[in-house]
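As structure tokens, the structure follows; a few thoughts come after it.
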There are 2 protein chains.
Amino acid sequence: MNGLDLALRDAGAAAYAAYGSSADANVRYLTRFRTTDPVVYIQRMDERGMIVVPQMEHERAVRESPAAVVTRADAGYLEYIKAGESRWRATAHMIADLAAGPILVPANFPLALARELESFHPVILDEKGAVERMRAVKTPEEIEQIRSVQRAAEAAMERGIALIRTAVQKNGVLHRDGRPLTSEAVRTEMHTVLLAHGCRGVDTIVSCGPDTALPHNEGFGALLADEPIVIDIFPQNEQSGYHADMTRTVVRGEPSPEIREMFEAVRDAKALSASMIRAGAVGADLYRATVEFFRDRGYESDTRGFIHSLGHGVGLEVHEDPSLGPQGEALVAGNVVTIEPGLYYPGTGGVRLEDMGAVTETGFDRFTQYEEELTL
Amino acid sequence: MNGLDLALRDAGAAAYAAYGSSADANVRYLTRFRTTDPVVYIQRMDERGMIVVPQMEHERAVRESPAAVVTRADAGYLEYIKAGESRWRATAHMIADLAAGPILVPANFPLALARELESFHPVILDEKGAVERMRAVKTPEEIEQIRSVQRAAEAAMERGIALIRTAVQKNGVLHRDGRPLTSEAVRTEMHTVLLAHGCRGVDTIVSCGPDTALPHNEGFGALLADEPIVIDIFPQNEQSGYHADMTRTVVRGEPSPEIREMFEAVRDAKALSASMIRAGAVGADLYRATVEFFRDRGYESDTRGFIHSLGHGVGLEVHEDPSLGPQGEALVAGNVVTIEPGLYYPGTGGVRLEDMGAVTETGFDRFTQYEEELTL
């Protein structure tokens, strides 16, 4: 009995229904079908899941998806549309026919669809996130897919750092081919490496100097010598949809004493949390241990200092379960998580280091092999 | 009074609320903030919109978003979490405090959030899609942004077609540097061109031969001589989020007579629809005119032949309002739409040509300038 069947039984539901494009990680996980337009996924108790697609997607869905494939026409959708029902009403009508009883839906199920569905059958919210929980525990195949994305991430990181290492310093600004080396140029070169690995980079962070004090600042303009440069890359494999996630902080030249100390604290915090990870370790405990570690080194964890969580699950989403933050629950073997302590001080700058790996019964199978050297 | 204020008045709501990451086009449109994690957007009647973000995103949101920026802490979220409320409950509680009355929400509003919200205030579904309707009518600035993405798309198309044009034919297979030229290689080269233009390509179609009979088949493996190659590219600008969308069909060598005739019919169908577009023209009429045009040339429009709609709006989503399909409504000046007739016959192959442009009072301001030649 798989996770969804258990959730159906617990909820007293006849079927589970999800609605979305493959940008919705649950839909992608359940269907393994890549689509920019939304599709319907339905799984009845003890049955194989079913995906409902437009006629023109039928053959491709049969090729790509392990689910049973039904066209909207065969499922009655087009008839309901012809009868004058709205798109949401017709979709709900079709789902109700297929489910033939109470329907369990995910938290992000569209309200418009739920309201129509409620006129046919009870709509039960999947409070516990059955699919998110299934997704959080990776199969060996998924772990290998994520590991391979990590290899692509490291190739891209190596390219980005090589550009910084080989840049020429002129008046405190890094130069390449006689022009300032910019955040944008480094990002583009890294993304080009990712493409060659079948991956895409989105919103890769290459921030420098004061900008590094904002953890999610993407960075722009010329890169500076003697200032921290934070590179955070979270590519997605185009075929599989799986992500990797890694961060390094480097300085070309001489870091300030503050940045050097922050780097050492962050590096040691990461080593500490890596040593604590194993099945049964609690995300919130790992987070609090990091807060305490930083406090002992003289750093805060509120609006300055360590201002985000310690880490998060990685899979079809960059950020997914489990959390290594204040609300984090117990880890289980097969979780793939990041550990990414960071310190941020406006005026001084920011430092973050991030590794990723799988939780095992006995420890942390770290995928990240890239070195962590501050100065280039 | 903007579109949202009108919708609030019509619905008798105190505020509009949306929830999502910038992958949600409505959220991106309203906030202009790029984030992989969901944020809350709230707009009260006659007030400036407001975005609620985590503390660590505050400064970046102030930089990027024209909305007022409030941290979750200041909005009371963290207090509700500390009091033991679930994430959905605390988010709803915070939204309810800010709205202080009935709340209008979009169709895709998460059911989990709606159910919590309903315990505070009435939750009214925005049946008419106020934000989608605002998004469908582009400002001159948006039109220029989309036009510039189209330039990037054409540069990438030129690169892809150049690879096919200059390939060496060996035993019916296109070769480059002594190896078969593959769909994947062409896609990667095209995506590299897009990167250099600050755009990303996702799921670009480079399909060949029998695969072209499936309109959304991405294509893989060696490209063949004398067979149709369909290239459909819909890049997104990383900064602005706007898309372009274009398709060309080419044959290296000698197309079959069937493909040649299909190409001519598709080209003429596109010219016909381009000549009919203007403010006031009805999407469904344009679609039906294309169906009739194809019928006169001997092609069906059901499970074979012309099996998709004539076109769609393009903006922060690749597919958005208005539709040029069977349900399409009247166009208005400022719509940006594709026209993309296609014909698909299993065994023979497929042909599609797609241009994009803005609807004006008097016609179609076509952005696409790329030639449409079948044989290379």
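The values are calculated or read from the model by the stated rules, or taken from the named source; none is laboratory data. This is a predicted model, so every value here is computed, not measured. Please note: Cβ atoms are built from the backbone with ideal geometry, for glycine as well, and neighbour counts cover all protein chains shown.
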For segment B:288-306, which positions are surrounded by fewer than 20 Cβ atoms within 10 Å (Cβ to Cβ) and in contact (Cβ under 8 Å) with a residue 40 or more places away in the chain? B:Arg304, B:Gly305
Hey, B:Ile42 in contact with a strand residue (DSSP E or B) (Cβ under 6 Å, 6 or more places away or on another chain) and more than 14 Å from every other protein chain (Cβ to nearest Cβ) or not: yes
Do we have any residue at all in segment A:32-39 that's more than 24 Å from B:Glu317 (Cβ to Cβ), surrounded by fewer than 24 Cβ atoms within 10 Å (Cβ to Cβ), in contact (Cβ under 8 Å) with a residue 24 or more places away in the chain and of a type outside the set (Gly, Ala, Ser)? no
Based on what the data block shows, is B:Glu264 of a type in the set (D, E, K, R), out of contact with any helix residue (DSSP H, G or I) (no Cβ under 6 Å at 6 or more places or on another chain) and surrounded by fewer than 18 Cβ atoms within 10 Å (Cβ to Cβ)? yes
If I filter segment A:121-133 down to residues being assigned to a loop (DSSP other than H, G, I, E, B), of a type outside the set (Lys, Arg) and surrounded by fewer than 22 Cβ atoms within 10 Å (Cβ to Cβ), which single residue comes out as nearest to the other protein chains (Cβ to nearest Cβ)? A:Glu127
Kindly check whether there is at least one residue in segment B:164-182 that is within 21 Å of the chain's Cα centre (by Cα) and more than 30 Å from A:Arg87 (Cα to Cα). no
I'd like to know if segment A:241-250 contains one or more residues that are closer than 21 Å to B:Ser22 by Cβ and in contact with a Phe, Trp or Tyr (Cβ under 6 Å, 6 or more places away or on another chain). yes
Starting from residues that are hydrophobic (A, V, I, L, M, F, W, C) and farther than 17 Å from A:Arg248 by Cα, keep the ones in segment A:161-192 and report whichever is nearest to the other protein chains (Cβ to nearest Cβ). A:Ala185
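Every residue, every condition in (1) out of contact with any strand residue (DSSP E or B) (no Cβ under 7 Å at 6 or more places or on another chain); (2) over 25 Å from A:Leu111 (Cβ atoms); (3) among the hydrophobic types (A, V, I, L, M, F, W, C), yes or no:
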position: B:Val52; (1), (2), (3): no, no, yes
position: B:Ala61; (1), (2), (3): no, yes, yes
position: B:Asp97; (1), (2), (3): yes, no, no
position: B:Gly101; (1), (2), (3): no, no, no
position: B:Ile124; (1), (2), (3): no, no, yes
Candidate set: segment A:201-236, residues that are in a loop (DSSP other than H, G, I, E, B), more than 12 Å from every other protein chain (Cβ to nearest Cβ) and touching a Gly at 6+ places or on another chain (Cβ under 9 Å); chosen: the one surrounded by the most Cβ atoms within 10 Å (Cβ to Cβ): A:Leu223
Residue check, B:Ser65 against (1) touching a strand residue (DSSP E or B) at 6+ places or on another chain (Cβ under 8 Å); (2) free of Cβ contacts under 8 Å to residues at least 40 places away in the same chain; (3) within 11 Å of another protein chain (Cβ to nearest Cβ), all met but one. Which one? (3)
Expected single match for under 28 Å from A:Thr204 (Cβ atoms), more than 14 Å from chain B (Cβ to nearest Cβ) and touching a residue at least 12 places away in the same chain (Cβ under 8 Å) among A:Glu154, A:Glu144 is A:Glu154
Sole exception among (1) within 30 Å of A:Ser21 (Cα to Cα); (2) free of Cβ contacts under 8 Å to residues at least 40 places away in the same chain for B:Gly84, by number: (1)
For the condition outside the structural domain of A:His308 (by TED's automatic domain parsing) and touching a residue at least 12 places away in the same chain (Cβ under 8 Å), what is the one hit in A:Thr338, A:Thr375, A:Thr360, A:Thr348? A:Thr375
Which residues, counting only those in segment A:40-66, are surrounded by 22 or more Cβ atoms within 10 Å (Cβ to Cβ) and among the aliphatic types (A, V, I, L, M)? A:Val40, A:Ile42, A:Ile51, A:Val52, A:Val53, A:Ala61
Residues satisfying the stated conditions in segment A:312-342, i.e. in a strand (DSSP E or B), buried (at least 24 other Cβ atoms within 10 Å of the Cβ) and within 12 Å of another protein chain (Cβ to nearest Cβ): A:His312, A:Gly342
Taking segment B:279-303 and the residues there that are at pLDDT 95 or above and part of a loop (DSSP other than H, G, I, E, B), the one that is nearest to B:Ser148 (Cα to Cα) would be B:Ala279
Those residues that are under 14 Å from A:Val186 (Cβ atoms) and touching a residue at least 60 places away in the same chain (Cβ under 8 Å), I need them from segment A:213-226; list them, please. none
Does any residue of segment B:113-120 turn out to be in contact with a Pro (Cβ under 9 Å, 6 or more places away or on another chain) and either in the same structural domain as B:Ser22 (by TED's automatic domain parsing) or outside any helix (DSSP H, G or I) (or both)? no
For residues that are out of contact with any strand residue (DSSP E or B) (no Cβ under 8 Å at 6 or more places or on another chain) and buried (at least 24 other Cβ atoms within 10 Å of the Cβ), tally how many sit in segment A:1-27. 0
Going through A:Ala167, A:Ala136 one at a time, which residue ends up being within 28 Å of A:Ser323 (Cβ to Cβ), buried (at least 17 other Cβ atoms within 10 Å of the Cβ) and small (Gly, Ala, Ser)? A:Ala136
Complete set of residues in segment B:1-53 that are under 19 Å from the mean Cα position of the chain (by Cα) and either farther than 22 Å from B:Val137 by Cβ or not in a helix (DSSP H, G or I) (or both): B:Gly20, B:Ser21, B:Ser22, B:Ala23, B:Asp24, B:Arg32, B:Phe33, B:Arg34, B:Thr35, B:Thr36
Given the criterion assigned by TED's automatic domain parsing to the domain that holds A:Arg352, of a type outside the set (A, V, I, L, M, F, W, C) and either at pLDDT 95 or above or more than 23 Å from B:Asp37 (Cα to Cα) (or both), identify the matching residue among A:Gly201, A:Gly101, A:Gly160. A:Gly160
Name every residue in segment B:343-370 that is modelled with pLDDT of 95 or more, surrounded by fewer than 21 Cβ atoms within 10 Å (Cβ to Cβ) and part of a loop (DSSP other than H, G, I, E, B), in order of residue number. B:Thr348, B:Thr360, B:Glu361, B:Thr362, B:Gly363, B:Gln369, B:Tyr370
Which residues, counting only those in segment B:87-114, are of a type outside the set (A, V, I, L, M), free of Cβ contacts under 8 Å to residues at least 24 places away in the same chain and facing chain A (nearest Cβ under 10 Å)? B:Arg87
